[in-house]
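**Student:** My questions all concern the structure below.
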Amino acid sequence: MYNPFIIIGRNRFSMPLSAVLKTFIICSATVLLIPGCLITTQSFNHGKLLNPGERLLTHGIGGRYSAPTGLRDQFYDSAEITRVRRVYNSKRYNWATYTFDYRVGILRKYPFGKGLETGFHCEMALRRSPSDDIRLYGPPALEFDTRFGLNDITIGPGIFHHNVNAGWIVGYWVDNGWFGGYAAGWEIERFIPYISTRILLTATNVSDQPITNDFFTRHNRKVVGRINLGCSYRLPFNTSVVPDMLTPEISFTFPNYANAQQVGVNAAIGIRWILGQ
């Protein structure tokens, strides 16, 4: 009988490889044509890298409650002169985010000691205010990164895993976003509490710029930091229905989180399958 899942070793793909590739192609095509958010809030990087041949599939669900967005810049043209006025937005928005994250282990050792892992992360946001319907807040953000493992350290009853990472976020037509980060986790039996940090040079947000002759060449980039705190828990099951791991986390994004909000706090949970172990 035809089996839609690929079997590797004692475990399984909880999602067909063809479906993963199709999802990647759809996300890439959508973002490259009309990119949306220029930052992401979910990480799920718990410091420990995958072994060569292993794959990690994550569905992340998160959200936040936002205070009024306050003052923001609004551009308009009058007699061919670009002006800026301050507009107060008093709406309170509820946000929800969804992430599709796919990672592949490449090396067990080197170049920095522990190994190498790469993957892509696609995150989309939904926004709702008391007077509006739920709306997709632009196309999803798409990022690619590579994680370089550092040597493990035995600390007490657990093992300290850590890695450095670098990557880029697909931007608008002007430029792209670039980031680097560090993540560390302390693995104790089935738990890995962790911290993940990132510094991002965002792509230019063309929606904040007036339409002038240099619209496609004018750069307006910002520096954004992000800290994620979480804990991965390895479930004691091995079935095709139940995930292998759950990873709740909270993130802090600062500054320049939004036009009139310097700090953003988001909570999320990652539902994760380890494939091909």
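**Student:** Select from region 58-69 the residues that are modelled with pLDDT of 95 or more and surrounded by 19 or more Cβ atoms within 10 Å (Cβ to Cβ) and list them in ascending order.
**Tutor:** Thr58, Gly60
**Student:** Let me ask something else about it. Among the numbered conditions (1) modelled with pLDDT under 80; (2) assigned to a loop (DSSP other than H, G, I, E, B), tell me where Ser207 comes up short.
**Tutor:** Here Ser207 clears every test but (2).
**Student:** List pairs: first in region 149-174 and of a type in the set (Asp, Glu), second surrounded by 16 or more Cβ atoms within 10 Å (Cβ to Cβ), Cβ under 9 Å, 6+ apart or cross-chain?
**Tutor:** Asp152/Lys48; Asp152/Lys114; Asp152/Ile159; Asp152/Phe160; Asp152/His161; Asp152/His162; Asp152/Glu187
**Student:** Within the set of pairs 6 or more residues apart or between chains, which connect a residue that is within 9 Å of Glu117 (Cβ to Cβ) inside region 50-62 to a residue that is among the acidic types (Asp, Glu) with Cβ atoms less than 6 Å apart?
**Tutor:** Leu50/Glu117
**Student:** Looking at region 36-49, I want the residues that are at pLDDT 90 or above and have a partner that is assigned to a loop (DSSP other than H, G, I, E, B) with Cβ atoms under 8 Å, at least 6 apart or on another chain. Which pairs are those?
**Tutor:** Filtered contacts from region 36-49: Leu49/Lys114.
**Student:** Sticking with this one: Select the strands (runs of 3 or more DSSP E) contained entirely in region 105-186, then report the ones holding at least 1 residues which are at pLDDT below 85 and under 17 Å from the mean Cα position of the chain (by Cα).
**Tutor:** So the answer is 115-128.
The values are calculated or read from the model by the stated rules, or taken from the named source; none is laboratory data. Note that the structure is a prediction, hence the values are computed from the model and not measured. All Cβ positions, even for glycine, are placed from backbone atoms using ideal geometry, and neighbour counts span all protein chains on display.
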